[in-house]
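Visitor: Submitted below is the structure of interest, expressed as structure tokens.
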Amino acid sequence: MSPHILIVEDHQGVRQSLREWLELSFPHYQLLEATSGEEAITVAQTMSPCLVIMDIGLPGMSGIEAAQGIKAAAPATRVVVLTIFDDEAHRADAAAAGVSAYVPKRKVQTELLPVLTRLLAEDNGKPPS
């Protein structure tokens with residue numbers, strides 16, 4: 001069974017673009033999707049993804065609250081925040097929630113894949129290629 005990556009994003013176009021990009025970049029991982037923090041926690045509890053890519057600005061529960069819930073439900077799961085917010089207050093809140101990495105959406109093209117590659121390699125006990 002393939003390990004899972006969960007994409008948590010309420011905007012369908014962004015979620016679909018991420019999914020297509022990640023399917024090409026990480027073909028050995030099964031991609032899951034959630035549109036809210038509550039749904040993300042439920043998916044994390046049942047599927048135990050190795051990695052979650054989390055937006056902060058979600059309807060209802062924020063991505064920070066969802067990250068806390070995911071870390072409580074599946075402590076080994078790594079959470080990467082991918083958000084439009086690029087300020088110290090949001091970064092501090094994310095770090096306090098146990099987030100492994102923080103990537104501003106404006107830097108998605110240059111920072112997301114290296115961060116994901118590093119975290120997935122650490123999980124597999126291999127140096128990044």
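Visitor: Quick check on segment 49-62. Is at least one of its residues out of contact with any strand residue (DSSP E or B) (no Cβ under 9 Å at 6 or more places or on another chain), in contact (Cβ under 8 Å) with a residue 24 or more places away in the chain and buried (at least 18 other Cβ atoms within 10 Å of the Cβ)?
Guide: Within segment 49-62 (the criterion being out of contact with any strand residue (DSSP E or B) (no Cβ under 9 Å at 6 or more places or on another chain), in contact (Cβ under 8 Å) with a residue 24 or more places away in the chain and buried (at least 18 other Cβ atoms within 10 Å of the Cβ)), the answer is yes, since at least one residue qualifies.
Visitor: Something else now. Hey, can you tell me all the residues within segment 72-104 that are surrounded by fewer than 18 Cβ atoms within 10 Å (Cβ to Cβ) and in a helix (DSSP H, G or I)?
Guide: Selection gives ALA72, ALA73, GLU88, ALA89, ARG91, ALA92, ALA95, ALA96.
Visitor: Something else about it: Six or more apart or on different chains, Cβ under 9 Å: which pairs go from a residue in segment 78-94 that's without any contact (Cβ under 8 Å) to a residue 24 or more places away in the chain to one that's aromatic (Phe, Trp, Tyr) and crowded, with 16+ Cβ neighbours inside 10 Å? Could you list them?
Guide: ASP86/TYR102; ARG91/PHE85; ARG91/TYR102
Visitor: Can I ask one more? Among what's in segment 95-112 and is touching a helix residue (DSSP H, G or I) at 6+ places or on another chain (Cβ under 6 Å), hydrophobic (A, V, I, L, M, F, W, C) and in contact (Cβ under 8 Å) with a residue 24 or more places away in the chain, pick the residue that is nearest to ILE64 (Cα to Cα).
Guide: ALA97
Visitor: Still on this structure, I have one more. Give segment 105-129 a look and list any residue that's acidic (Asp, Glu) and either loosely packed, with under 12 Cβ neighbours inside 10 Å or modelled with pLDDT under 95 (or both), or say none. Steps first, please.
Guide: The first filter runs over segment 105-129 and keeps only residues acidic (Asp, Glu), leaving 111, 122-123.
Once the filter is applied, which keeps residues that are acidic (Asp, Glu) and either loosely packed, with under 12 Cβ neighbours inside 10 Å or modelled with pLDDT under 95 (or both), segment 105-129 yields GLU122, ASP123.
Visitor: Still on this structure: Scanning segment 1-30 for residues that are out of contact with any Phe, Trp or Tyr (no Cβ under 9 Å at 6 or more places or on another chain) and assigned to a loop (DSSP other than H, G, I, E, B), which turns out nearest to THR110 (Cα to Cα)? Outline the logic, then answer.
Guide: Step one: list which residues in segment 1-30 are out of contact with any Phe, Trp or Tyr (no Cβ under 9 Å at 6 or more places or on another chain), which gives 1, 6-21, 24-30.
Filter again for assigned to a loop (DSSP other than H, G, I, E, B), leaving 1, 9-11, 26-29.
Details: MET1: 30, GLU9: 19, ASP10: 22, HIS11: 21, PHE26: 16, PRO27: 20, HIS28: 22, TYR29: 21 Å.
If we take residues in segment 1-30 being out of contact with any Phe, Trp or Tyr (no Cβ under 9 Å at 6 or more places or on another chain) and assigned to a loop (DSSP other than H, G, I, E, B), then PHE26 is nearest to THR110 (Cα to Cα).
Visitor: Working only within segment 30-48, note down all residues that are surrounded by fewer than 22 Cβ atoms within 10 Å (Cβ to Cβ) and touching a Gly at 6+ places or on another chain (Cβ under 7 Å).
Guide: Result: SER36, GLU38.
The values are calculated or read from the model by the stated rules, or taken from the named source; none is laboratory data. Every value quoted in this text rests on a predicted model; they were computed, and no experiment measured them. Every residue, glycine among them, receives a Cβ derived from its backbone with ideal geometry; neighbour counts consider all protein chains shown.
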